[in-house]
Structure formats: C-alpha cells, structure tokens
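*Asks:* Have a look at this one before I ask anything.
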Amino acid sequence: MLDISFAELCVVLLVAIIFISPKNFPTLFKAMSKLYRKAKNSLLDIKDEIEREDKFQELKKIENEFKILKNRAKKNIKKI
C-alpha cells in the first residue's frame, strides 16, 4: 500500500530527530498510527464499495438479459 524504501525511512527518521524532540516520539507515533489506521480503513471501505457496485452492475445486466428473454418467450408463446 505504502511503498517506502529503507533509505526514505531513514531520511524521515533523521528529519524527525532534528525537528522533533525524542521525548515527543511516542505521542507522534501514536498519532501517526491512528492516522495510518484511519487511512487504511477508509481505503478498504472504498474498495468494498467499488466491489459492491461492480456486483450490483453485473446483477443489473443479468436482470436486463432475463427481461429480454422473458419478452422473447412471450412473443413466441403468442405466435403459437
């Protein structure tokens, strides 16, 4: 999901050490983990919604095919 290389992670940690005091790291990491969790859950919800919409569209297509077949069958019965 998040492709972060080891070098990028080292740069981020170095910047964090420079600009944020080490005593604030636990608070920062807790906030970052909450943010990551919310983002991950949001992405999973979006993925689930897209999958549901795809299934719904597929069911609508099948429903339309059945309606067409039903109408053809009615026409064929009327001809007989």
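The values are calculated or read from the model by the stated rules, or taken from the named source; none is laboratory data. Computed from a predicted structure; not experimentally measured. Virtual Cβ from ideal backbone geometry, glycine too; neighbours counted across all protein chains shown.
*Asks:* For the range 1-24, enumerate the residues that are surrounded by 10 or more Cβ atoms within 10 Å (Cβ to Cβ), of a type in the set (Val, Ile, Thr) and farther than 27 Å from Ser42 by Cα.
*Replies:* Once the filter is applied, which keeps residues that are surrounded by 10 or more Cβ atoms within 10 Å (Cβ to Cβ), of a type in the set (Val, Ile, Thr) and farther than 27 Å from Ser42 by Cα, the range 1-24 yields Val11, Val15, Ile17, Ile20.
*Asks:* Any residue in the range 19-41 that's at pLDDT below 90: show its pairings with residues that are β-branched (Val, Ile, Thr) at Cβ separation under 7 Å, as long as the two are six or more apart or on different chains.
*Replies:* As it stands, the answer is Leu28/Ile20, since those pairs meet every condition given.
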